[in-house]
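The values are calculated or read from the model by the stated rules, or taken from the named source; none is laboratory data. Predicted model, so just to flag it, every value in this text is computed and none were measured. Because the Cβ atoms are built from the backbone with ideal geometry, glycine has one as well, and the counts that use them run over all protein chains shown.
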C-alpha cells in the first residue's frame, strides 16, 4: 500500500487513546485501517509483555507517535499498444507506532521513590 493512502488513516488516530483508536479503525472504510488495527494490537501486546502486566485495560494507553515513511518500490510492466510497456510502481511503506501509558506503573513509581534524583 502506498504511504499516501496509509497516512490518511494514520492521521485520524494520532494522539488518541488506544480504545478510541480501535473504534475509529474498526469503522473506517479503508484497507489501511485493517493493517493499522493489526499493528496497534501488536503494539499493545508488546507493551503488555514489556511491562509484565496481565491486562492493559487498567492502564490508560494512548498513541504517542505514529508516522508513515515510504519503503521500497517494486516495478512491474504492463503491455501497451504498439509494442510499448507502461511502468507500474507498486509502492510500500514503513509505519512507526509508539504507545505510552498515562498512568505510572508500580515499578516506575518505586524507582522514583528510591532515586528522587532521576526526574524526567
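A quick yes/no check of all residues on (1) touching a residue at least 40 places away in the same chain (Cβ under 8 Å); (2) part of a loop (DSSP other than H, G, I, E, B); (3) touching a helix residue (DSSP H, G or I) at 6+ places or on another chain (Cβ under 9 Å); (4) within 16 Å of residue 22 (Cβ to Cβ):
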residue: 46; (1), (2), (3), (4): no, no, no, yes
residue: 50; (1), (2), (3), (4): no, no, no, no
residue: 53; (1), (2), (3), (4): yes, yes, yes, no
residue: 86; (1), (2), (3), (4): no, no, no, no
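Against the conditions (1) more than 15 Å from the chain's Cα centre (by Cα); (2) over 12 Å from residue 99 (Cβ atoms); (3) surrounded by 16 or more Cβ atoms within 10 Å (Cβ to Cβ), where does residue 55 fall short? Just the number, please.
The single condition residue 55 does not satisfy is (3).
I'd like to verify a number: residues in region 67-84 that are without any contact (Cβ under 8 Å) to a residue 12 or more places away in the chain, in a strand (DSSP E or B) and surrounded by 10 or more Cβ atoms within 10 Å (Cβ to Cβ), how many?
1
Among (1) at pLDDT 95 or above; (2) within 28 Å of residue 87 (Cα to Cα), which single condition is residue 1 missing?
For residue 1, the failing item is (1).
Quick check on this structure: which one of 64, 90 is surrounded by 12 or more Cβ atoms within 10 Å (Cβ to Cβ), out of contact with any helix residue (DSSP H, G or I) (no Cβ under 7 Å at 6 or more places or on another chain) and assigned to a strand (DSSP E or B)?
Among 64, 90, only 64 is surrounded by 12 or more Cβ atoms within 10 Å (Cβ to Cβ), out of contact with any helix residue (DSSP H, G or I) (no Cβ under 7 Å at 6 or more places or on another chain) and assigned to a strand (DSSP E or B).
Determine, yes or no, whether residue 37 is within 17 Å of residue 98 (Cβ to Cβ), free of Cβ contacts under 8 Å to residues at least 40 places away in the same chain and touching a helix residue (DSSP H, G or I) at 6+ places or on another chain (Cβ under 8 Å).
Values: within 17 Å of residue 98 (Cβ to Cβ): yes; free of Cβ contacts under 8 Å to residues at least 40 places away in the same chain: yes; touching a helix residue (DSSP H, G or I) at 6+ places or on another chain (Cβ under 8 Å): yes.
Considered against the rule, which asks whether it is within 17 Å of residue 98 (Cβ to Cβ), free of Cβ contacts under 8 Å to residues at least 40 places away in the same chain and touching a helix residue (DSSP H, G or I) at 6+ places or on another chain (Cβ under 8 Å), residue 37 comes out as yes.
Sort out which residues of region 19-34 are surrounded by fewer than 17 Cβ atoms within 10 Å (Cβ to Cβ), touching a helix residue (DSSP H, G or I) at 6+ places or on another chain (Cβ under 7 Å) and part of a loop (DSSP other than H, G, I, E, B), and write them in order of number.
30, the sole residue that qualifies.
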